[in-house]
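**Q** Below you will find the structure I want to go over with you.
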Protein chains: 2
Amino acid sequence: MPFSIKEASEMLGCPAHTIRYYEKEGLLPNIARDEHGNRIFEQKDLDWIKLMTCFRRTGMKVAALKQIVDLALQGESTIPQRKAILEEHQQELHRQQLELNEAFHAVNQKLSIYDGIQKGNLAPDRDLRMDEGKFH
Amino acid sequence: MPFSIKEASEMLGCPAHTIRYYEKEGLLPNIARDEHGNRIFEQKDLDWIKLMTCFRRTGMKVAALKQIVDLALQGESTIPQRKAILEEHQQELHRQQLELNEAFHAVNQKLSIYDGIQKGNLAPDRDLRMDEGKFH
DNA sequence: TTAAGCATTAAAGCGTACTTTAAGTCAAAC
DNA sequence: GTTTGACTTAAAGTACGCTTTAATGCTTAA
């Protein structure tokens with residue numbers, strides 16, 4: 001049930017150095033140590049790191065994660081603040097969704113212009129050329 | 001029809017310094033200049049900057065944009081390479097979509113746990129607690 | 001004519017999140 | 001016994017994409 005940092009690293013697909021860095025930044029309070037001072041990770045620690053990784057990959061800052069941790073350490077009375085941080089991230093996710101949709105549309109349009117040029121030697125719509133061929 | 005850097009900046013919502021930086025990096029070849037050496041932007045330049053911004057916001061690197069520009073300057077024979085870069089970005093967009101979905105799920109789950117604690121004083125599912133209240 | 005407001009350049013600086021390095025301890029394998 | 005490999009810490013370094021600074025010049029309105 002308890003894991004060394006190497007095992008944790010392998011299970012999470014995350015460098016051991018990064019895990020140590022997270023601990024140093026206060027994102028992993030109360031990580032147990034063995035008799036030699038080595039870190040011992042339990043499943044709940046791994047779950048929390050996994051969750052942080054999920055939030056980090058979608059742009060949540062280390063500082064925001066640190067805030068959540070600090071609030072959590074103060075007890076359940078801080079749940080409203082923690083909710084606010086998560087709701088802000090939720091909004092950020094919505095923004096990213098919009099940007100992603102926009103980018104999907106743009107890349108697909110661009111690719112079909114390339115296809116048109118390659119396959120049919122079509123004269124591409126002037127307004128969509130932007131960078132194909134020359135710049136003028 | 002032609003715009004100053006300030007007008008371009010305002011129309012794009014992008015700092016003039018950033019536009020100059022893009023030009024310096026080779027992302028904006030052949031930007032016209034007036035008799036004083038000031039940049040003159042045309043609609044197609046703005047369109048290209050808009051497209052780059054869309055790609056940048058979804059994680060495409062400046063270096064990749066530079067590659068596209070360099071290839072475009074070499075003519076239509078480089079369309080296969082340009083397609084490959086865009087298809088790679090398309091894959092990246094798919095990856096981001098998955099991460100976004102994962103994050104949506106996680107944040108919603110977390111928020112409903114907070115709601116449960118606040119509203120009904122429910123004992124939260126042990127496996128989903130992670131950081132609520134204490135860390136053990 | 002002088003100050004405001006726009007432009008130019010090159011170069012240095014900054015924020016974020018790691019990542020790498022350096023220097024050392026410890027325990028088991030050979 | 002000594003080498004190997006995993007661990008420890010603190011600190012310096014890196015990558016990226018701007019952003020800011022500094023020094024300067026042109027043009028127009030007061």
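Each reported figure results from applying straightforward, stated rules to the coordinates on display, with no laboratory input. Quantities reported herein were computed from a predicted structural model and do not represent experimental measurements. FYI the Cβ positions are ideal-geometry reconstructions off the backbone, even for glycines, and counts take in every protein chain you see.
**Q** Quick query: amide H of B:F3 versus all other amide H atoms, modeled in the peptide plane; which residues come in under 5 Å with a sequence gap of 5 or more or a different chain?
**A** Answer set, sorted by chain and number: B:F41, B:E42.
**Q** Then there's this: About the Cα centre, and with charges only on the beta carbon of Lys, Arg (+1) and Asp, Glu (-1), how big is the dipole of the protein assembly as shown? Nearest 20 debye, please.
**A** 280
**Q** Return the average number of partner chain Cβ atoms within 10 angstrom of each residue Cβ along peptide A:65-76.
**A** Counting Cβ atoms of other protein chains within 10 Å of each residue's Cβ and averaging gives 2.
**Q** Using each residue's phi in the range B:12-22, evaluate 6.51 cos²θ - 1.76 cosθ + 1.60 at θ = phi - 60° and report the 3J(HN,Hα) Karplus result to the nearest Hz, with x for Gly and Pro.
**A** 8, x, 9, x, 4, 4, 5, 4, 5, 4, 4
**Q** Tell me, what is the percent relative contact order of chain A, built from C-alpha pairs under 8 Å that lie six or more residues apart?
**A** Result for chain A is 16 percent.
**Q** Here's something else I'd like to know. For the protein assembly as shown, what is the calculated [θ] at 222 nm in deg cm²/dmol (nearest 500), taking -39500 (n - 2.57) for each run of four or more DSSP H residues and dividing by its residue count?
**A** Taking each H run of at least 4 residues, the total per residue is -20500 deg cm²/dmol.
**Q** In nm to one decimal, list the spacings between the A:K6 label point and its equivalents in the other copies, with label points set 7 Å along Cα to Cβ, shortest first.
**A** Once sorted, the set of distances for A:K6 reads 6.4 nm.
**Q** So for the range B:1-73, what percent of the C-alpha to C-alpha distances run longer than 17 Å?
**A** 39
**Q** Further question on the same structure: Taking only Cα atoms, what is the 0 to 90° angle, nearest 10, from helix B:62-73's long axis to the longest principal axis of chain B?
**A** 30
**Q** Extension gain A:K119-A:K44, at 0.36 nm per residue separation less the Cα-Cα distance, in nm?
**A** Between A:K119 and A:K44, full extension yields 21.5 nm more.
**Q** A further question on this structure: Roughly how tilted is helix A:43-57, in degrees to the nearest 10 and between 0 and 90, from the longest Cα axis of chain A?
**A** Computed tilt is about 30 degrees.
**Q** Please report, to one decimal in angstroms, the Kirkwood hydrodynamic radius of the protein assembly as shown built from all distinct Cα-Cα pairs.
**A** Result for the protein assembly as shown stands at 22.0 Å.
**Q** Put one equal scatterer on each alpha carbon of chain B, apply the Debye formula with no solvent term, and list log10 I(q)/I(0) at q = 0.14, 0.15, 0.17, 0.19 1/Å to two decimals.
**A** Each listed q corresponds, in turn, to -0.75, -0.81, -0.93, -1.09.
**Q** Over the whole of A:12-20, what's the average partner chain Cβ count within 10 Å per residue? Rounded to a whole number, please.
**A** Average neighbour count from other chains, rounded to a whole number: 0.
**Q** With +1 on the Cβ of every Lys and Arg and -1 on the Cβ of every Asp and Glu, and nothing else charged, how large is the dipole of chain B about its Cα centre, in debye rounded to the nearest 20?
**A** Here the size comes out at about 260 debye.
**Q** Roughly how tilted is helix A:79-119, in degrees to the nearest 10 and between 0 and 90, from the longest Cα axis of chain A?
**A** Value to nearest ten degrees: 30.
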